[in-house]
Structures are given as C-alpha cells and as structure tokens.
Amino acid sequence: MTLIGPSLMCADMGVLKETVIRFEKAGVDFFHLDVMDGSFVPNFTMGPDMIKSLRPYTNKPFDVHLMVKNPENHIDTFIEAGANMISVHTEATEHLQRTLQMIRDKGLKAGVALNPSTPIEELKYVLDTVDYITVMTVNPGFAGQRFIPLMYQKVSDLKRMFDAEGYNIDIQVDGNIGYETIPGVLENGANMLVCGTSSLFKPEITFEEAVEKLKKFIENQKLSQLETNLK
C-alpha cells in the first residue's frame, strides 16, 4: 500500500489548522512535519508548540522529521507534542542505535533519514531497530528543489538490502515528489510519499482535488506496473 503524507512546511502557516482538517477529510494517510534548527540544516521550521496545537484536529499519524543536531535531547519534547513517528539523521547523533531504541521504547515508530550523499551502509547495523527510512531526494532545508536522479537507485538499493536481510522496513521519499518522479520511486520500492508543492500544494486546484487526483494517479501506476510484470 502506498501512503500519502502532506509536507506541512509547504502549507500557508496562516491557515495551518484548516489545512490539516481539509487534508484529514480528503483521506491522506499521515502528516509530515519538518523540524529544522538552523544549524544541522540552513533553515528554521516547526517547533513542538506548533505541532501540539495541530494535534487535536486530526487522528492521522504525525511523522516528525528531526533535522536537528543531537536529536536524542528532544525526543520526549516531540512525543509530548503529539508525534507518532520520529526520524533522525545518521550524521546528527553520535549513537544512532541508542537514539532509535529510545524512540521505539516510547512506543513510536523510529526512522532514519538519509541525505542524498549518505551511503545506505550507515544502516547495516541498525536494521533491527528501525521501522522506516526517509530518503531525501533533495538536499534538506528548503521546499521546491529539483529531484536528484541518483536517488532512484538509492531507493532500489535499500529495497534490495531489506529483502536480502529479511526486514520489512518502509521506504519514504521526501523532496520533489510529483507526477514526474512518483512512477520511478514506486517502481524502485518506495511506499511512503511525502508530498509538497509538486503534487498536493498546487494553487490551481483544491487540496481535496489534489489528493483525489494523486490517489488515482498512483492506482493507475500500480495497474500499469502489474500489467508490465504479467507480460
């Protein structure tokens, strides 16, 4: 099953509550919330108070992507704010396995976010402690960047690694995930799509129309792939 999650950093902050409510009703699967500290990445975004203020308006999982140094120091804060899933970067913490275990011990799903240049070998000895991988298909920090083509191969390599090692780990992709890139990431093994200005936040259509259009597109892609496999 392919899961769709709006990237709320792409939303109009002035109507964020209404945006969450509308996407909830439109049938998205989760909400992706980027937290940036201005140090690990060159930008500042959502803090725990903002996330906490949105929690009453949806029952969908909050996927909190911590682009911060020493994320282990902030896990409890974001759990209290309403996170259901937390991903951290390999470069941001000295003890990745310990940080992932800390997240799991609190009852959340634990994820590892990989920058475009981060090798997948970084995951080899934490596969038993991770629930999902976030493949950054652009360099983190800003919306609206161009998809890096080699990330198709990275998704494929991850899928091959998980299958070979016998782990059922979700592969999430984040960065310019739109109609041009979705077929490739799905074909290579991704099953969680973080969607922003390339697919859901489009000024010419409503959120509801954007979700419906995207779901139909994904379904058609699956049918097309199935037909190809049967030939």
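What the table below lists for this structure:
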read-out	value
Residue ID - surrounded by the most Cβ atoms within 10 Å (Cβ to Cβ), chosen from residues in region 161-190 that are assigned to a helix (DSSP H, G or I) and without any contact (Cβ under 8 Å) to a residue 12 or more places away in the chain	Asp163
The one condition in (1) within 17 Å of Asn115 (Cα to Cα); (2) touching a strand residue (DSSP E or B) at 6+ places or on another chain (Cβ under 8 Å) that Phe201 fails to fulfil	(1)
Matching residues in region 191-231 - criterion: being surrounded by 11 or more Cβ atoms within 10 Å (Cβ to Cβ) and of a type in the set (Asp, Glu)	Glu208, Glu209, Glu212, Glu219
Candidate set: region 76-115, residues that are of a type in the set (S, T, N, Q) and not in a loop (DSSP other than H, G, I, E, B); chosen: the one surrounded by the fewest Cβ atoms within 10 Å (Cβ to Cβ)	Gln97
Criterion (touching a helix residue (DSSP H, G or I) at 6+ places or on another chain (Cβ under 8 Å), modelled with pLDDT under 95 and within 30 Å of Glu91 (Cα to Cα)) met by exactly one of Val64, Val68	Val68
Meets criteria (farther than 13 Å from His65 by Cβ, under 18 Å from the mean Cα position of the chain (by Cα) and touching a residue at least 12 places away in the same chain (Cβ under 8 Å)) for Ala26	no
Qualifying residue in region 129-140 (condition: surrounded by 21 or more Cβ atoms within 10 Å (Cβ to Cβ), among the charged types (D, E, K, R), within 17 Å of the chain's Cα centre (by Cα) and not in a helix (DSSP H, G or I))	no
Flag if Phe217 is aromatic (Phe, Trp, Tyr), touching a residue at least 24 places away in the same chain (Cβ under 8 Å) and assigned to a loop (DSSP other than H, G, I, E, B)	no
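The values are calculated or read from the model by the stated rules, or taken from the named source; none is laboratory data. Treat the numbers as computed from the prediction; the structure is a model and nothing was measured. Glycine gets a Cβ as well: all are built from the backbone with ideal geometry, and neighbour counts include every protein chain shown.
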